[in-house]
Amino acid sequence: MLKKLFGIIIGIFILLVGAKLYANHSASEVAGVLDQLNPLVPKSELYVKTVAPQSVNEYRTASYKQLASNKNGQTRTIHFNGLTKLKMNRYLQLTNKGAHVETYEELRRDQVPEKALKEIDPRP
């Protein structure tokens, strides 16, 4: 009985680690759901400079897929939805759990960490 329980626990752990590795470099909706549910994925903040949306649905919800950076300058492609079409060239702080974006908040340019800013808005 103890061996079975141990095997189940190891199996669940392997699934969670596998899901985390799969979603680590993905911006898909599946990756977002996996990261949202995975207790091994920590919450963090990402920064983006808004661009034109990929699409806008009949409810005016805008869908974005773009490059995001954390405060250390590490980048990843992220997919998120705006409640409406967002103004372009604005800076957002995304609260995320891996590929799952929970909230976003507009920031001034000087509020974006320097290393993140170099990645999302490289100015000469």
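For segment 53-65, residues that are in a strand (DSSP E or B), closer than 28 Å to GLU114 by Cα and of a type outside the set (Gly, Ala, Ser) total 2. Just so you know, in segment 40-52 the residues that are touching a Lys or Arg at 6+ places or on another chain (Cβ under 6 Å) and open to solvent by 40 Å² or more (accessible area, probe 1.4 Å) include one that is nearest to GLU114 (Cα to Cα), and it is LYS43.
Looking only at segment 1-30, how many residues end up being outside any helix (DSSP H, G or I), open to solvent by 100 Å² or more (accessible area, probe 1.4 Å) and at pLDDT below 70? Can you show your working first?
Pass one, segment 1-30, residues outside any helix (DSSP H, G or I): 1, 24-28.
Going one step further and asking which of them are open to solvent by 100 Å² or more (accessible area, probe 1.4 Å), we end up with 1, 25.
Checking the rest, the ones that are also at pLDDT below 70 come to 25.
Looking only at that region, the number is 1.
Exactly one residue out of SER55, SER63 is of a type in the set (Gly, Ala, Ser), in contact with a Pro (Cβ under 9 Å, 6 or more places away or on another chain) and loosely packed, with under 15 Cβ neighbours inside 10 Å, and it is SER63.
Filter segment 68-92 for residues that are over 18 Å from VAL30 (Cα atoms) and open to solvent by 40 Å² or more (accessible area, probe 1.4 Å) and give the result.
Taking segment 68-92 as the starting set, the residues that turn out to be over 18 Å from VAL30 (Cα atoms) are 68-75, 82-92.
Answer for segment 68-92, where residues must be over 18 Å from VAL30 (Cα atoms) and open to solvent by 40 Å² or more (accessible area, probe 1.4 Å): LYS71, ASN72, GLN74, THR75, LEU83, THR84, LYS85, LYS87, MET88, ASN89, ARG90.
Cβ separations smaller than 7 Å between residues 6+ apart or across chains give no pair from segment 68-81 residues that are in contact (Cβ under 8 Å) with a residue 60 or more places away in the chain to residues that are outside any strand (DSSP E or B). The set of residues in segment 31-52 being in a loop (DSSP other than H, G, I, E, B) and closer than 17 Å to GLN111 by Cβ consists of THR50 alone. Restricting attention to segment 93-104, the residues that are of a type in the set (Ser, Thr, Tyr) and either farther than 15 Å from SER44 by Cα or buried (at least 20 other Cβ atoms within 10 Å of the Cβ) (or both) total 1. Within segment 77-105, being within 16 Å of the chain's Cα centre (by Cα) and over 18 Å from LEU34 (Cβ atoms) holds for GLY82, TYR91, LEU92, GLN93, THR103, TYR104, GLU105.
The values are calculated or read from the model by the stated rules, or taken from the named source; none is laboratory data. If you're wondering where the values come from, they're calculated on a predicted model, not measured in any experiment. Cβ sites come from the backbone with ideal geometry, for glycine too, and all protein chains shown count toward neighbours. Side chains included, ligands, DNA and RNA excluded: accessible areas come from the protein's heavy atoms. Shrake-Rupley method; radii C 1.70, N 1.55, O 1.52, S 1.80 Å.
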